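Encoded as structure tokens, the structure appears first; notes follow it.
The values are calculated or read from the model by the stated rules, or taken from the named source; none is laboratory data. As the structure is a prediction and not an experimental result, all values here were calculated from the model. So basically every Cβ, Gly included, is an ideal-geometry build from the backbone, and we count neighbours across all protein chains shown.
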Amino acid sequence: MPILYSVVARGTIILAKHAACVGNFEEVTAKILAKIPPDNDKLTYSQGPYLFHYICEDRLIYMCITDDDFQRSRAFLYLNEIKRRFLAVYGPGAQTAVAYAMNTEFARVLANEMKHYSESKDLDRLSQVHGELDELKDIMVKNIDNIAMRGERLELLVNKTENLSANENEQKSGALPVLEKRQNLRDRRRYLDFDDIRDRVDFLRRYGMAKLRRKIKRNCIHDEECNCHAIFESTVEYAKKARKTSMRLTKIERSEGEPHWK
């Protein structure tokens, strides 16, 4: 199975990350990053069917998450390569960078290298040539429960059936209630909650055009499926027609003395 998630952080400050599938990676890694001592070290934590591999060097943490059947040698080859490329590009600037400062650029590097180190067949031979498999013997594997506080649960939830591109970090997941709730919220905000055009016109009459425009702007997420502006224009157009009709009916009522409609 491939590398599922990767992150570069300075302590608990995430500088860049990438997920290959849907999961509560950020929630779990945030708790783990907070427990990692600032000493230079290499370690693997295990939790159920997943392994958390990391290298900590000069306060910078390079971490990836894999299945327990993924070769640890590949995971640390990947982390060493990520460390090399990250320092080559950002150098000392990483020590003072704000959260996600490198994410736009380096997330693509993480994605490409995750794919390469998950699929390449020549890595084991290369690691043997460089003697990196011997180094792996000294890297300990600890149970993640050892760093959890009393009563704290560090449970990773992964839905491998939904892959993510380099720019997609949160998508709908039927297997993950939290992510599903977020997607449902996006769906509700995409289409404003007006039952029919009469409700919109009623809102327009009571609060005016400016407040309706602010309501639409506040709820709109402006993606490719956004229809909020069409709703606003149709509402205004309908309100104008309704106002003209109402004025005509009022004139008829005044001229005849009785309402023209019931």
Matching residues, the stretch 97-118, being more than 16 Å from Gln71 (Cβ to Cβ), part of a helix (DSSP H, G or I) and among the aromatic types (Phe, Trp, Tyr)
Phe106
Test for Tyr45: is it in contact with a Lys or Arg (Cβ under 8 Å, 6 or more places away or on another chain), closer than 17 Å to His116 by Cβ and touching a residue at least 12 places away in the same chain (Cβ under 8 Å)
no
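Among the listed residues Glu105, Glu81, identify the single one that is more than 26 Å from Ser46 (Cα to Cα), at pLDDT 65 or above and either surrounded by 12 or more Cβ atoms within 10 Å (Cβ to Cβ) or in the same structural domain as Asn40 (by the TED database) (or both). Break it down into steps so the answer makes sense when it comes.
On the way: Glu81 fails: more than 26 Å from Ser46 (Cα to Cα).
Every option except Glu105 fails the conditions.
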Going through the stretch 61-96 in order, the residues found to be hydrophobic (A, V, I, L, M, F, W, C) and assigned to a strand (DSSP E or B) are Ile61, Met63, Cys64, Ile65
Tell me, which residue of the stretch 9-34 that is small (Gly, Ala, Ser) and in contact (Cβ under 8 Å) with a residue 60 or more places away in the chain is farthest from Arg85 (Cα to Cα)?
Gly23
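Could you tell me which residue of the stretch 1-26 is nearest to Lys115 (Cα to Cα), considering only residues that are in a loop (DSSP other than H, G, I, E, B) and modelled with pLDDT under 90? First the steps, then the outcome.
Taking the stretch 1-26 and keeping what is in a loop (DSSP other than H, G, I, E, B), we get 1-4, 11-12, 20, 24.
Checking the rest, the ones that are also modelled with pLDDT under 90 come to 1-2, 20, 24.
On the way: Met1: 11, Pro2: 7, Ala20: 9, Asn24: 20 Å.
Taking the candidates together, the pick is Pro2.
Suppose the filter is without any contact (Cβ under 8 Å) to a residue 24 or more places away in the chain and not in a helix (DSSP H, G or I); does Pro37 pass it?
yes
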Can you pull out every residue in the stretch 26-53 that is closer than 12 Å to Cys64 by Cβ and touching a Ser or Thr at 6+ places or on another chain (Cβ under 9 Å)?
Tyr50, Leu51, Phe52, His53
